[in-house]
Amino acid sequence: MSLIRKPLNRRSILRAGALGGTALAMPTIFTSRAWSAGYLNEPTGSTVTLGFNVPQTGPYADEGADELRAYQLAVEHLNGEGDGGMLNTFSSKALKGNGILGKKVEFVTGDTQTKSDAARASAKSMIEKDGAIMITGGSSSGVAVAVQALCQEAGVIFMAGLTHSNDTTGKDKKANGFRHFFNSYMSGAALAPVLKNAYGDDRKAYHLTADYNWGYTTEQAVRESTEALGWETVETVKTPLAATDFSAYITPVLQSDADVLVLNHYGGNMVNSLTNAVQFGLRDKQVNGKNFEIIVPLYSRLMAKGAGENVKGIFGSTNWHWSLQDEGSKAFVQSFGQKYGFPPSQAAHTTYVQALLYADACERAGTFNPCGVVEALEGFEFDGLGNGKTLYRAEDHQCFKDVLVVKGKENPSSAFDLLEIVEVTPAAQVTYPPDHPQFAGGALGTCNPGA
Amino acid sequence: MDAILLQILNGLDKGSAYALIALGLTLIFGTLGVVNFAHGALFMIGAFCAVTLSRLLSLSFVTIDETQKDFLGNPLKVETPYVEAWFGPQTGSAIIDWAVPLAILFSIPIMALVGLFMERGLIKYFYKRPHADQILVTFGLAIVLQEIIKYFFGANPIPTPAPDVFSGSLDFGALVGMDPNVIIYPYWRIVYFLFAAAIVGAVFAFLRFTTFGMVVRAGMADRQTVGLLGINIDKRFTVMFALAAVVAGLAGVMYAPINSPNYHMGMDFLVLSFVVVVVGGMGSLPGAVLAGFVLGILESFASMAQVVALLPGINQIIIYLVAIVILLTRPRGLMGRKGVMES
């Protein structure tokens, strides 16, 4: 009796070889370990380095400082130090407080200066010289778009900080880039119903818009949302980014037929234009038998502080606010407040969350390989990080979550108590199809592992 | 018509700031021959004098209010300003409310000292160096000063409101028999314009009607001859540097309620103020004041929506455009003196 039932031939050997190969490959194809193939800055020692690219100088340095505080807190929590913050409330339980994939988290910092060139240079340096596996941070859409493109070319993940322009996850979206922060479209969609309730559907709006990318997308979003309500847009005027005195732009508003002024400004522009508008008595004015109103589509507590009493009663939108009472927000505010003595800003919140989301994605993917991280983040649904149930949409790498409509508080009880939440707009109301005209153009492309 | 009137009014307060800064620049250039790129920083330091005094007057002691909670759920720490405890709540809050006007007195010695230190400590070593060296060192100094301010006060603008009594606006239209609510102008900007006019008048009167001023003017015209007469003109010029610093500082103090001070505000004004000096005529004090107001008003007009719609971007280049035209037609500027920077 022969042990070989069938004679060996070339075809059977090839077939057996193919089957054997497939069987051997099976565990790696269907698990994320497949991503352990070579990639840029693969951590080989006991540590992993993250790159925090924030504005440490320039006009947004205070926001940058708050982002850096949040990152430092996130690193502590990831490494198992402190009270754990939002790790305790995060719906995903992949993170164990022992670093990322067992490697202690270390970090390097760069200064974006809120300039695209400087931001790219500092990100490049952190990737090439410090071996950063991921870049995160920033407080400007121009910077976010520039650094996102660099990270895509280099082959590392970019977790955007505070960037509100539609373009970051619209025409300039990249496979290696992810944004947790909300965007201009969402601001418009969240604000419109609240404005209708507060001011009615027969209004004439005058827009002053910062003359750069973010200003354009915000103006378009608010204009389209309010026009859909029945509002008329009387005039849209672009103001130079470097402008400090807006009186020459405010006074024509007095002579127009407008009864609402929309200030598509951020940072110092917002502080100055709002202050000027209030100084010129716009808020005491009556037009068309109605009280004149001012709207600031994107609010930030740090900016509201700069505008002082002028923000009282003025509507705007924000990504997150420290007064939220969900478990995640409370845990973060407690943790941040204990460490630094004041509540975190929305910039601090979004950057802290981005650091946790990246770490969690690595844990779930079982690798630091950018392509594994991309796969883990795409379509990822989570909760417990301060914005309710959230989806990282696969098509554009934009987070979809509740948006806050806020109003300048009339009687603040402390220096931090400047904004009150008027409405938590559900995620469904601010969700748009990936091919929405405001996000047209550009393609996500494919992930780049860099090696 | 009302739009034109409004833009003229708008130009007046911006022009006031340009004129005050340019006046100081011209004083320094005319006396010491130094092109001082740190002059905008002096304007910024003046504004932060207002911020500092406002903070000093608001210094508080803390009491714990067990009935209220802070953001962490701990008993609320209630801060009560010392001035309110010392002088009673009404008087105390009125003192805090008037922080900006009070800062005028507070800033004069500070700005004079800053000016003296700047001139004696650094700039005097560059008198005989080329203008390019002077520009580099004073520009570097401006960056250092603004970084120091940013270190202590942060990068965000700090609201520094005018006293409540000046917080409203004047209905200028109703006043001159036009439609009400169309030409509205904030009270504080009117105060700023009047203040600037008073400062300019005081500086001119000082130079014209005092012996000190006469010597300085003589020194500006012919330094060597004045020196040969046994007068220590250098010492007087140092005093003029301090005076110029005070003028820039006062301009900054009173500007604080118009736009919340931030560390960069000096740079925003500096370049335009230099253009103002050149347009007015290097070394000409009346020229600096005249050009300040003219360019301020032109800038306001160029920012009108109708003008921008016709000539996009004109609002950002108008001042430079006018400067080119004036320098082509009148190379010494509007009121430039013969011989200044022509050797």
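The values are calculated or read from the model by the stated rules, or taken from the named source; none is laboratory data. From a predicted model like this one, the values you see are computed outputs, not experimental measurements. Glycine gets a Cβ as well: all are built from the backbone with ideal geometry, and neighbour counts include every protein chain shown.
Could you count how many residues in the range A:174-213 are within 25 Å of A:Val353 (Cα to Cα), touching a strand residue (DSSP E or B) at 6+ places or on another chain (Cβ under 6 Å) and outside any helix (DSSP H, G or I)?
6
Quick check on my filter: what residues within the range B:52-90 are loosely packed, with under 12 Cβ neighbours inside 10 Å and under 38 Å from the mean Cα position of the chain (by Cα)?
Matches in the range B:52-90: B:Leu59, B:Phe61, B:Val62, B:Trp86, B:Gly88, B:Gln90.
Among B:Thr138, B:Thr160, which is among the polar types (S, T, N, Q), outside any helix (DSSP H, G or I) and more than 8 Å from chain A (Cβ to nearest Cβ)?
B:Thr160
Taking the range A:201-260 as the region of interest, how many residues are away from chain B (no Cβ under 14 Å) and charged (D, E, K, R)?
Adding up the residues that qualify gives 9.
Among the residues of the range A:188-238, write down those that are surrounded by fewer than 20 Cβ atoms within 10 Å (Cβ to Cβ) and basic (Lys, Arg).
The answer is A:Lys196, A:Lys204, A:Arg223.
With respect to the numbered conditions (1) within 14 Å of another protein chain (Cβ to nearest Cβ); (2) not in a helix (DSSP H, G or I), which one is the sole condition not fulfilled by A:Ser317?
(1)
Of everything in the range B:163-203, what is hydroxyl-bearing (Ser, Thr, Tyr) and assigned to a loop (DSSP other than H, G, I, E, B)? Give them in sequence order.
B:Ser167
Take the residues in the range B:9-27 that are within 12 Å of chain A (Cβ to nearest Cβ) and touching a Leu at 6+ places or on another chain (Cβ under 8 Å), then tell me which one is farthest from B:Gly173 (Cα to Cα).
B:Tyr18
Quick one: is A:Thr350 more than 14 Å from chain B (Cβ to nearest Cβ), within 14 Å of the chain's Cα centre (by Cα) and buried (at least 23 other Cβ atoms within 10 Å of the Cβ)?
Answer is yes for this residue.
In this structure, does B:Leu122 turn out to be more than 18 Å from the chain's Cα centre (by Cα), at negative phi and within 12 Å of chain A (Cβ to nearest Cβ)?
It is false that B:Leu122 is more than 18 Å from the chain's Cα centre (by Cα), at negative phi and within 12 Å of chain A (Cβ to nearest Cβ).
Conditions tested, residue by residue: (1) within 22 Å of the chain's Cα centre (by Cα); (2) part of a helix (DSSP H, G or I).
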residue	(1), (2)
A:Thr57	yes, no
A:Glu67	yes, yes
A:Ser92	yes, no
A:Lys96	no, no
A:Glu106	no, no
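This table checks each residue for (1) of a type in the set (A, V, I, L, M); (2) closer than 18 Å to B:Phe301 by Cα; (3) surrounded by fewer than 24 Cβ atoms within 10 Å (Cβ to Cβ); (4) in contact with a Gly (Cβ under 6 Å, 6 or more places away or on another chain).
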site	(1), (2), (3), (4)
B:Ile4	yes, yes, yes, no
B:Gln7	no, yes, yes, no
B:Gly15	no, yes, no, yes
B:Tyr18	no, yes, no, yes
B:Leu23	yes, no, no, no
B:Leu27	yes, no, no, no
B:Thr31	no, no, no, no
B:Asn36	no, no, no, no
B:Gly46	no, no, no, yes
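Residue check, A:Ala205 against (1) farther than 21 Å from A:Glu381 by Cβ; (2) in the same structural domain as A:Val54 (by TED's automatic domain parsing); (3) of a type in the set (Gly, Ala, Ser); (4) at pLDDT 95 or above, all met but one. Which one?
With respect to (1) farther than 21 Å from A:Glu381 by Cβ; (2) in the same structural domain as A:Val54 (by TED's automatic domain parsing); (3) of a type in the set (Gly, Ala, Ser); (4) at pLDDT 95 or above, A:Ala205 is out only on (2).
Only one of these is outside the structural domain of A:Arg301 (by TED's automatic domain parsing), in contact (Cβ under 8 Å) with a residue 24 or more places away in the chain and assigned to a helix (DSSP H, G or I): A:Ile127, A:Ile135. Name it.
Result of the check over A:Ile127, A:Ile135: A:Ile127.
Hey, could you check the range B:167-182 for residues that are buried (at least 18 other Cβ atoms within 10 Å of the Cβ) and under 29 Å from B:Ala99 (Cα atoms) and say which is farthest from the other protein chains (Cβ to nearest Cβ)?
Ranking the qualifying residues of the range B:167-182, first place goes to B:Phe172.
Residue by residue through the range B:1-28, note down the ones that are over 16 Å from B:Phe193 (Cα atoms) and touching a helix residue (DSSP H, G or I) at 6+ places or on another chain (Cβ under 7 Å).
B:Asp2, B:Ala3, B:Gly24, B:Leu25, B:Thr26, B:Leu27, B:Ile28 - these are the residues of the range B:1-28 that are over 16 Å from B:Phe193 (Cα atoms) and touching a helix residue (DSSP H, G or I) at 6+ places or on another chain (Cβ under 7 Å).
With the requirement that a residue be over 27 Å from A:Phe158 (Cβ atoms), in a loop (DSSP other than H, G, I, E, B) and in contact with a helix residue (DSSP H, G or I) (Cβ under 9 Å, 6 or more places away or on another chain), what does the range A:320-342 give you?
Hits for the range A:320-342 are A:Ser323, A:Phe342.
Considering only residues that are touching a residue at least 60 places away in the same chain (Cβ under 8 Å) and over 19 Å from A:Ser139 (Cβ atoms), which ones fall in the range A:66-83?
Across the range A:66-83, the qualifying residues are A:Val75, A:His77, A:Leu78, A:Gly82, A:Asp83.
Output the number of residues of the range A:53-84 satisfying the condition of being more than 14 Å from chain B (Cβ to nearest Cβ) and touching a helix residue (DSSP H, G or I) at 6+ places or on another chain (Cβ under 8 Å).
Looking only at that region, the number is 10.
Working carefully through the options B:Ser54, B:Ser58, find the one that is of a type outside the set (A, V, I, L, M, F, W, C) and in contact with a Ser or Thr (Cβ under 8 Å, 6 or more places away or on another chain).
Sole residue among the options that is of a type outside the set (A, V, I, L, M, F, W, C) and in contact with a Ser or Thr (Cβ under 8 Å, 6 or more places away or on another chain): B:Ser54.
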